[in-house]
1. Could you compute Rg(Cα) / (2.2 N^0.38 Å) for the chain, with N its residue count?
2. Relative to the first principal axis of the alpha-carbon coordinates of the chain, what is the inclination of helix 21-32, with its axis defined by its Cα atoms, in degrees from 0 to 90 and to the nearest 10?
3. Each residue of the range 38-48 in turn: what ³J(HN,Hα) in whole Hz from Karplus with 6.51, -1.76, 1.60 and θ = phi - 60°, glycine and Pro shown as x?
4. Between V174 and N215, what is the spin-label point distance in nm, taking each point 7 Å from the Cα along the Cα→C-beta axis?
5. Helix 200-212 sits at what angle to the longest principal axis of the chain, using alpha carbons and giving 0 to 90 degrees rounded to 10?
6. Whose amide H sits under 5 Å from the amide H of W37, counting only residues 5 or more places off or on another chain, with H placed in the peptide plane?
7. What residue among L36, L155, L72 has the largest mean-square fluctuation in a Gaussian network model of the chain, using Cα springs under 10 Å?
8. Averaged per residue, what accessible area in Å² does the chain show with a 1.4 Å probe, protein chains only?
Amino acid sequence: TLKAFTMNQHVLYIGETGGGKTYIAEMIAKLTGNDLWMASLNEYTKNQDLIARETFGEEGSNRTGLTMSTVLQWMTNGGILLLDEMHKPIEGIAVVNNILQNGEYRMSDGRVIKYDKTKSWVIGTMNPVKPPYRGEPPSGELSSRFGMTLTVNYLPPAEEAALVRIEQPSLSKVLIDKLVAIANDLRKVYPEVLPLPIAPRTVLQIAKHIASFPNDDPADIFTKTYNP
């Protein structure tokens with residue numbers, strides 16, 4: 001990601017839910033001293049939503065009407081724009097493609113907002129476009145705006161177990177290794193058999209429950225936390 005940034009390129013992360021895509025973007029922003037502007041997309045997101053948002057009595061100042069969206073604030077201030085779950089909007093997000101292509105956006109009142117390509121970058125995230133995920137991949141034209149595409153996989157088992165031990169040091173190594181091993185075995189049959197992936201955050205939630213309520217059955221906790 002940092003290599004791409006030095007070449008003024010944007011980056012697209014592709015990976016399963018809970019693999020750490022958003023977390024990586026947050027850490028990149030923190031390490032580089034950049035503001036992080038997050039736009040969380042869903043199937044109802046329309047192009048206009050990325051340009052302006054409607055407010056009602058905003059922040060107690062009685063301002064009602066349209067204000068600049070996260071995307072335009074990023075263009076004005078610079079930093080890292082995180083476009084989270086780019087595959088979800090049914091309408092597509094052509095306006096983003098136009099902004100990245102032209103480096104500017106022309107407002108309805110004639111104002112032109114430009115962004116400084118030397119201090120403004122985009123990190124896009126998306127799930128693999130396959131069942132059970134819904135959505136469409138970004139258009140080829142938009143995808144070409146990202147100079148680097150990176151696959152974000154789940155942690156290797158040893159690293160995932162180490163993460164759980166850091167979070168829950170009271171649990172035994174044997175129990176943690178078993179939890180991680182079970183999670184990885186179940187990941188192998190997703191999505192052919194299981195409809196939901198077992199994200200690392202799910203394993204952490206299970207471990208936290210076991211540490212908090214040691215008299216509960218770990219197998220019961222697992223099936224109630226991961227409930228396909």
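1. Values: Rg = 20.7 Å, N = 228, 2.2 N^0.38 = 17.3 Å.
Against the empirical 2.2 N^0.38 Å value, I get 1.19 for the chain.
2. 60 degrees
3. With the stated coefficients, the range 38-48 comes to 10, 10, 8, 9, 9, 5, 9, 5, 10, 3, 5 Hz.
4. If labels sit at V174 and N215, their model points lie 2.3 nm apart.
5. The helix 200-212 is inclined about 50 degrees to the chain.
6. I80, L81, L82
7. L155
8. Value for the chain: 56 Å² per residue.
The values are calculated or read from the model by the stated rules, or taken from the named source; none is laboratory data. It should be emphasised that the depicted structure is a prediction, and the values quoted were computed from it without experimental measurement. Positions of Cβ are backbone-derived with ideal geometry, glycine not excepted, and every protein chain shown enters the neighbour counts. When the accessible area is computed, the model is the full protein with side chains, heavy atoms only, and any ligands, DNA or RNA have been set aside. Shrake-Rupley method; radii C 1.70, N 1.55, O 1.52, S 1.80 Å.
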